[in-house]
Structures are given as structure tokens and as C-alpha cells.
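The values are calculated or read from the model by the stated rules, or taken from the named source; none is laboratory data. Note that the structure is a prediction, hence the values are computed from the model and not measured. Every residue, glycine among them, receives a Cβ derived from its backbone with ideal geometry; neighbour counts consider all protein chains shown. SASA here: full protein model, heavy atoms, side chains in, ligands and nucleic acids out. Shrake-Rupley method; radii C 1.70, N 1.55, O 1.52, S 1.80 Å.
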Amino acid sequence: MKKSNPASPYIEKNNTEKSSDVIWHQQSVTAEQKSQLKGHKAVLLWYTGLSGSGKSTVANAVEQKLLERGCHSYLLDGDNVRHGLNNDLGFTDEDRIENIRRIGEVAKLFVDAGLLVSTAFISPFQKDRDQARALLKDALFLEVFIDTPLDVCESRDPKGLYKKARAGEIVNFTGISSAYEAPETAEIHIETAHLSIEQCADLVIDALIKKQIIKS
């Protein structure tokens, strides 16, 4: 059974206790130098959308296209991260907030390494996505809204989660018993209902080219 997150007060207390002892170490090699070496800019693509919207599928397709272009990338998938780093978190609102806080910090490190980083998480709350954005310079964070109607997501239901949520077997399920706050100003907005995975991935690649993050 997943443990509920005892984290928020613990983290606040810990930060207060260690603030005078932990000092940021400035590294000699800059993120800009790493990006120049790789031949493309570093950026965080933050995919958000309902369960079953296609976040991971699109992000995977984009990563394949980036590989074909010789770009250095890494995909942090929501389910995969919950198998390791965040396996102590459940799905209460508090745990979801902590889940996103941790992944934001990890993604920041990958961006600092000069990578094109993708995160595929429901990340239902706007304030948490804003918090992740605040960790980076604005140009380094691109919110990618995988906009798929609830009825389409529910008809797909690849993991059978919507069926369980409708039956009351899953509590705090986004879109059913827990809120999803859709982005209003996402840098990349993809309406997937009538697009193929290939077309969705191409839209992301096109956006990266237009923003001069990767070369055409």
C-alpha cells in the first residue's frame, strides 16, 4: 500500500533547520556551455493532461524524433517516477503536490545538464505547474497541454482506471472525483481528438524549431 505523504511540514521544518548550513556551490561549467556542446538549447517540456489523454505516448514520439535529429533528451514519465523516487507518495492532493515538487527539482537538474527534458504527468493543479515553471527561467519551461476531452480519455481507458473510478474503487481520480485545472496559456496546445500521434509529435517539434530551441 502506498504511504500517505507526511512531507509538507517535514520539508518546511527541514529547510528551516539546514538553511544556514547548506550553501549553494557555483559550478565552473555553465548550462549555456553544455547546450552549445550539444548543438541545441536546453528546455523543459512539461506535458499535462488527463489520464488517457496521450501525454506519455506523445512525449515518447517526440523523444524519438529528437533522437533522429541528434538531440540529447530525457523523458521523466509519471508512472515510472512513482516506481522509484516517488514510490512513497499516494494520490491525495498533498501527495500530488509533493510529487510535482520533486519532479520539478529533478527536471531542473536535467535542464542544467543541457538536455531537452520532457515530463509526462497529469499535474492537475495550476499552482504546482507554476511552481515548476518558477524553478527555471521562463524561456526554459514550455507547458504542453495535451488537450483531450474527458469522454475520449474515458473511452480509451487503457488501464481501466476510469471504470474503477466510476465504480468508486479509486478515490481522488482526476477528472472524476478530483479536479483538473486546464492550462489557459500553455506555450504548446495540442488538441488530440482528431490528430494522430505522429501529427501531435510533429506539432511539438515544429514549436521547438520556431522557438529556436532545435535547428530546422
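Taking other residues whose beta carbon is less than 12 angstrom from the beta carbon of ALA193, and scoring Lys, Arg as +1 and Asp, Glu as -1, yields -2.
Note on segment 74-216: dipole from Cβ charges, positive end direction compared against GLN126, LEU75, ALA207; the farthest Cα belongs to LEU75. Which of the trypsin sites (Lys or Arg not before Pro) found in segment 159-215 are loop residues per DSSP with 15 or fewer other Cβ atoms within 10 Å of their Cβ? Answer in residue order: LYS159, LYS211, LYS215.
Of the chain, which part is the longest with no GluC sites (Glu not before Pro) in a loop (DSSP not H, G, I, E, B) and with at most 15 other C-beta atoms within 10 angstrom? Answer - 1-168.
Once you divide the Cα radius of gyration of segment 27-67 by 2.2 N^0.38 Å, the number left is 1.57. For the chain, the percent of C-alpha pairs falling in each 5 Å distance bin, counted from 0 to the bin holding the largest distance, reads 1, 7, 14, 18, 19, 16, 12, 7, 4, 2, 0, 0. Sorting the Cα pairs of segment 114-216 by distance into bins of 10 Å, from 0 upward, gives 12, 39, 33, 14, 2 percent per bin.
Relative to the Cα centre, the charge distribution of the chain, modelled as +1 at Lys and Arg Cβ and -1 at Asp and Glu Cβ, gives a dipole magnitude of about 460 debye. In terms of its C-alpha gyration tensor, segment 40-145 comes out prolate, because a/c is 1.5 or above and the ratio a/b outweighs b/c. Simple point charges give the picture: +1 on the Cβ of Lys and Arg, -1 on the Cβ of Asp and Glu, and for segment 69-157 a dipole about the Cα centre of about 440 debye. Averaged over its residues, segment 41-156 has an accessible area of 40 Å² per residue, based on protein heavy atoms and a 1.4 Å probe. The Cβ shell under 13 Å around ILE100 holds other residues with a net charge of -1, Lys and Arg each +1, Asp and Glu each -1. Hey, how many Å between the Cα centroid of segment 24-54 and the Cα centroid of segment 120-158? Comparing the Cα centres of segment 24-54 and segment 120-158, I get a distance of 17 Å.
Given +1 at the Cβ of Lys and Arg, -1 at the Cβ of Asp and Glu and no other charges, the dipole of segment 151-216 around its Cα centre is 220 debye to the nearest 20.
Evaluated at q = 0.22, 0.29 Å⁻¹, a Debye calculation over the C-alpha positions of segment 145-198 (equal weights, vacuum) places log10 I(q)/I(0) at -0.92, -1.17. In the distance distribution for segment 171-216, Cα-Cα pairs more than 17 Å apart total 54 percent.
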